[in-house]
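Engineer: Handing you this structure, nothing more for now.
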Amino acid sequence: MTTARRDFAIRAERAHAPDSTISRTAARALAVLRIGTGFVFLWAFVDKLLGLGYATPAERAWINGGSPTRGFLSNVDIGPFAGFFHSIAGAAWADWLFMLGLLGIGVALILGIGLRPAAVAATVMMAAMWLAELPLAQQTNAGEPSGSTNPLVDYHVIYALAAIVAAATYAGHTWGLGRWWASLPLVQKNRWLI
């Protein structure tokens, strides 16, 4: 990309930054949404890493030899993808990918940096988890009620949308390090890192 084209793209992005098109209250509300969503991901990482006793008991903590994916994926009993999810449950690569995803998404959202890659990662992770739980199904593979309360929009979709909205509205500029991040030479040359 030529310098002139890059400068034009940067000016165009700045013109659409949240502080130029939305109210201060809306920018703050988006910052709260960003930080809250980031905390959901970061908390899941910490709980699975240390076994704080919420979703993960201490004896199944990752630092104690537990697997962050085994419990969830080995209990998938809905839909045509159950076999696939069972086959990757507890795999070292799946554990690392899952935990790095939770950590990276959580930190990026809380700090307000790298929101575009975080939104992509959150969407991919949430789509995979949505497929695993398959809220479309009214019954498990054993014929029991699935417990799904909404066949399309559940918390996985809401978390992905929250990450996308944070990235699209430059929510990292308010109460975050987004402006500083966007000014870094690496990010200036690779705008997808915003």
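Engineer: What is the local net charge at F85, summed over the other residues whose Cβ is closer than 12 Å to its Cβ (Lys, Arg +1; Asp, Glu -1)? Intermediate values should be presented prior to the final figure.
Structural biologist: Numbers: positive: R70; negative: D77, E133.
That works out to -1.
Engineer: Be a star and scan segment 65-103 for residues whose amide nitrogen sits under 16 Å from the point 7 Å along the Cα-to-Cβ vector of Y155.
Structural biologist: Taking a point 7 Å out along Cα→Cβ of Y155, the residues of segment 65-103 whose backbone N falls under 16 Å are 72-73, 102.
Engineer: May I ask for the net charge around S67, where only other residues with Cβ less than 10 Å from the Cβ of S67 are counted and Lys, Arg are +1 while Asp, Glu are -1?
Structural biologist: On the way: positive: K48, R60, R70; negative: D95.
Value of the local net charge: +2.
Engineer: Here's a follow-up. For an R0 of 41 angstrom, estimate the FRET efficiency from the Cβ-Cβ distance between S23 and L136 and round to the nearest 0.05.
Structural biologist: 0.60
Engineer: If we restrict to alpha carbons, what Rg and Dmax does the chain come to, in Å?
Structural biologist: In Å, with Rg to one decimal and Dmax whole: 19.1, 62.
Engineer: Please compute the length gained on full extension between V187 and L100, using 0.36 nm multiplied by the number of residues separating them and subtracting their Cα-Cα distance. If you can, show how the numbers build up before the last one.
Structural biologist: Values: separation 87, 0.36 × 87 = 31.32 nm, distance 2.13 nm.
Extra length available between V187 and L100 comes to 29.2 nm.
Engineer: With r as the distance between the Cβ atoms of R60 and W93 and R0 = 22 Å, compute the FRET efficiency 1/(1 + (r/R0)^6) and round to 0.05. Please list the in-between numbers first.
Structural biologist: Details: r = 19 Å, r/R0 = 0.86.
So the FRET efficiency works out to roughly 0.70.
Engineer: Explain nothing, just compute: Karplus ³J(HN,Hα) = 6.51 cos²θ - 1.76 cosθ + 1.60, θ = phi - 60°, for every residue of segment 131-138 in order, whole Hz, x for Gly and Pro.
Structural biologist: 4, 5, 8, 5, x, 5, 6, 8
No lab work stands behind these numbers, since they all come straight from the coordinates. Bear in mind the structure is a predicted one, so any value in this text is a computation, not a measurement. Here Cβ is always computed from backbone atoms with ideal geometry, including for glycine, and neighbour counts include all displayed protein chains.
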